[in-house]
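Presented below is the structure to which this report refers.
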Amino acid sequence: MNVDVLHRGGAVKALSRLYRLKDLLPADALQDGRLRITAAELEDRALRLSLDDGTEVTTALPPAETTTETTTEATAETEATLIVRNAAQVLTMEGDHGVGLVEHGAVVCSGHRVLGVVPEDTAMTAFPLGQQHAVVDAQGGIVTPGLVDPHTHPVFGGERSVEFGMKAEGRSYLEIHKAGGGILSTVRSTREASFTTLAQRCAKNLSHLLSWGVTTCEAKSGYDLTLEGELRMLEVLRTVGDCHPVDVVATLLGAHTLPPEYADRREAYVELVAAEMVPRAAAEGLCAYCDAYCEDGAFTRAEVERIFVAARAAGLGLRLHAEQFTDQRGAELAAAMGAASADHLEAISPEAVAAIAAAGTTAVLLPGAALACRCPWPPARDLLDAGANVALGTDLNPGSSMTSSLPLMMSLACMQMGMSCEESWRAVTRAPAASLGLDGRCGRLAAGAQADLVIFEAPDYRYVPYHYGDNHARVVVKSGHVVVNRWS
Ligand code: NIG
Ligand code: FE
């Protein structure tokens, strides 16, 4: 295989923004407005996060196999800088249905954008070659857009394996939750954890997602439930997101559950979220979305509405944990308020299926949570047949879905939820990208899209959901840079 890794995606992302890493740059790194730094220096410096308390941590990125290039010279945007060739299939995800299949295609990128998907025999001639270019051999595998996970909770302290044991012995998720365990147990651990500990854990979770092929994820706060603590969680997401190859779209989830200190003052907590958390998080540019947990034992529909009115006024998009265990008519509220997504939906009514399809609210289905909480599978088929945009997420969190495998969610969707292989691919690419307002930028391989792609060691796109539980992702490219490379 011939791979020239120009530089690590996350490192370049961090360095080009110069966010919190200024003092890690060598004095002569910036010349004529261009960044000049050796690959060794990148390895050395940029994969460390400069954290608030002055300590540094190393992100858990898998090592790149070859790192040879030394500068980030600007290249004309029409010149090929990365060519991924020798693929059995390229999934462009173009068109309204299916996977936009190109048999024996090659993907040509320039800098951080895709130039085009071309036939294999024109891979090296379709576009002028940049003076420095990398060729990645897909070795007869499949090439897909970088996966997009629209629902994760990657910032948290502690873990809940003891509760997992309790559930294995028959206790229910809601029972444990109402007894002060569940989300509140993670709230206690998160409040105790330092910024550094949370950032390390978050970086590790993002690296796990990346290893399965995820290059963009939505990520929520929601495990502190105080004003400053929720903002701190969003700060962790910003800090790690700015330094990690995975792009993070942040969501405030202040209304995840009622914190113990407000046990007798529900209205006061809802007011704190609506009148203080939401405006502060929005004004400080810490998140793009506001989420809430509309459920028995969490927040009522009326309480969510109060928070959503404030979020909309603050310019935030809306997402909602709805109908996970019981029908609270949260999905109808999400649809009526123009929410970007309604998530979970195991207990959704037929009327609400029609409502969210009509409203264009994406149904984000979380098979990992349904599996772990022994819920009925969400009605994916009904949602698709009603014309809804259906996406799949890991729901990566320490309680209801401790997994970072988005391909496993595709397998569950195909095996248990009546989704076709094609629908499962759309549900981890185009559909979640649209729900995050990123359609056109990621989730597809077409001219102008961000050069985020994955090579899976698989002869056919159906192989990935079919051969479940194993990780077939071999190479992940983020913004035109190889960030994972593990051919064996
Ligand atoms: O999406 N259901 C609410 N929130 C998360 C679970 C959080 C937790 O159990 O820590 C979910 O399943
Ligand atoms: Fe969740």
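The values are calculated or read from the model by the stated rules, or taken from the named source; none is laboratory data. Worth saying up front: this structure is predicted, and the values here are computed from it rather than measured. Here the Cβ is made from the backbone with ideal geometry for all residues, glycine too, and neighbour counts use every protein chain on show.
See the values below:
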| quantity | calculated |
| --- | --- |
| Single match in G146, G180, G141 (criterion: surrounded by fewer than 22 Cβ atoms within 10 Å (Cβ to Cβ) and among the small types (G, A, S)) | G180 |
| Residue match in region 164-175 (condition: crowded, with 20+ Cβ neighbours inside 10 Å, under 25 Å from S405 (Cβ atoms) and modelled with pLDDT of 95 or more) | no |
| Residue check for L333: more than 16 Å from ligand 1 (Cβ to nearest atom) and within 18 Å of E218 (Cβ to Cβ) | no |
| Failed criterion for Q450 (all others in (1) surrounded by fewer than 24 Cβ atoms within 10 Å (Cβ to Cβ); (2) modelled with pLDDT of 95 or more; (3) of a type in the set (S, T, N, Q) hold) | (1) |
| Of the criteria (1) within 16 Å of L209 (Cβ to Cβ); (2) hydroxyl-bearing (S, T, Y); (3) in contact with a Pro (Cβ under 8 Å, 6 or more places away or on another chain), which one S404 fails | (3) |
| Residues being hydroxyl-bearing (S, T, Y) and away from ligand 2 (no atom under 14 Å from the Cβ) - total across region 169-184 | 1 |
| M410 vs. criteria farther than 30 Å from G158 by Cβ and either more than 16 Å from ligand 2 (Cβ to nearest atom) or in contact with a Gly (Cβ under 9 Å, 6 or more places away or on another chain) (or both) | no |
| Pairs with Cβ under 7 Å, 6+ apart, first in region 214-228 and at positive phi, second within 11 Å of ligand 2 (Cβ to nearest atom) | G222/H153; G222/L253; G222/H256; L225/H256 |
| Top-ranked residue of region 395-410 - restricted to ones that are crowded, with 23+ Cβ neighbours inside 10 Å and among the aliphatic types (A, V, I, L, M), ranked as farthest from ligand 1 (Cβ to nearest atom) | M410 |
| Residues within region 207-261 that are modelled with pLDDT under 95 and of a type in the set (D, E), tallied | 1 |
| Filter pass, G440 being modelled with pLDDT under 95 and either under 18 Å from the mean Cα position of the chain (by Cα) or not assigned by TED's automatic domain parsing to the domain that holds A126 (or both) | yes |
| G180 being within 16 Å of ligand 1 (Cβ to nearest atom), in contact with a Phe, Trp or Tyr (Cβ under 8 Å, 6 or more places away or on another chain), assigned to a loop (DSSP other than H, G, I, E, B) and assigned by TED's automatic domain parsing to the domain that holds Q324 | no |
| Residues of region 158-168 satisfying the condition of being within 16 Å of ligand 2 (Cβ to nearest atom) and of a type in the set (S, T, N, Q) | none |
| Test for V428: is it assigned to a strand (DSSP E or B) and either among the hydrophobic types (A, V, I, L, M, F, W, C) or at pLDDT below 95 (or both) | no |
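Rundown of residues vs (1) surrounded by 19 or more Cβ atoms within 10 Å (Cβ to Cβ); (2) outside the structural domain of R329 (by TED's automatic domain parsing); (3) outside any strand (DSSP E or B); (4) within 12 Å of ligand 1 (Cβ to nearest atom), yes/no style:
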| residue | (1), (2), (3), (4) |
| --- | --- |
| I348 | yes, no, yes, no |
| E351 | no, no, yes, no |
| A355 | yes, no, yes, no |
| A358 | no, no, yes, no |
| A363 | yes, no, no, no |
| A370 | yes, no, yes, yes |
| R374 | no, no, yes, no |
| D382 | no, no, yes, no |
